[in-house]
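Every number in this text was worked out from the coordinates using simple rules, so none of it is lab data. Values in this document were obtained by computation on a predicted structure and should not be read as measured data. Virtual Cβ from ideal backbone geometry, glycine too; neighbours counted across all protein chains shown.
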Ligand SMILES: Cc1cc2nc3c(=O)[nH]c(=O)nc-3n(C[C@H](O)[C@H](O)[C@H](O)COP(=O)(O)O)c2cc1C
């Protein structure tokens, strides 16, 4: 396996491995540790500010004090709330002012982010779960795709790692494999199969750099694939969740057993 890929070259990093944005698990120390180790950590702005208590610019600067290697920022660009969108615009402005070199957009059309970011030399990748969304993102001018497969933590897609490679590969942009990677062998396999990088989430929660609760980390380490289901009962969008947690959340919140599906979109 070569670590020299279009992704690692574009960002000037040693290892084409991303620690994906995770609400609420992306604490600044985790983001910095991944970048410092040669991969790239992604800031989740709501996590940085709301969960971990940093003012946004100060939080970015704190991460910068821990590493001078490249970091990225995740912008969830859905337009359902005007107030939220204002925050996204502020986070984008500040990220550009603070010279963050990489943005990962999710949901919505990333064209307006691309128009602002690319002239500043910033690389923009968009989260996609199928070819239709990848086409839209391509029209918006993105540099590459985060291909979220059916094994991803958080809001997963429906297609497998290989199906996404086959469907989206012909569009000719670098692709990042997101979902189901937790071992060096799986990482190597993803790169050897044609992905330009891998984005890991769950595996990074179970690290000492992540500030998640120890019980959560143990549950991850102890879980098997059959303990996880893709559920639409929590947010209406398919989300990976342990069977036991799904049952508890539905019962505690008196959620209907099956909310109307928005199967094709992702949201956090
Ligand atoms: C707890 C959790 C929260 C997540 N939150 C976000 C998020 O806020 N934004 C985003 O774009 N992706 C989010 N993701 C997806 C991750 O960035 C990454 O793509 C995914 O975890 C990869 O799959 P894996 O967990 O199997 O490694 C989240 C994932 C998890 C597990």
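What order, most packed first, do the peptides 34-44, 70-80 have when packing is the mean number of other Cβ atoms within 10 Å of each residue?
34-44, 70-80
Take peptides 60-66, 165-171 and line them up by average Cβ neighbours within 10 Å, highest first, as a rough protection proxy. Don't skip to the answer; put the middle values down first.
On the way: 60-66: 17.4, 165-171: 15.9.
Per-residue mean Cβ counts within 10 Å order the peptides as 60-66, 165-171.
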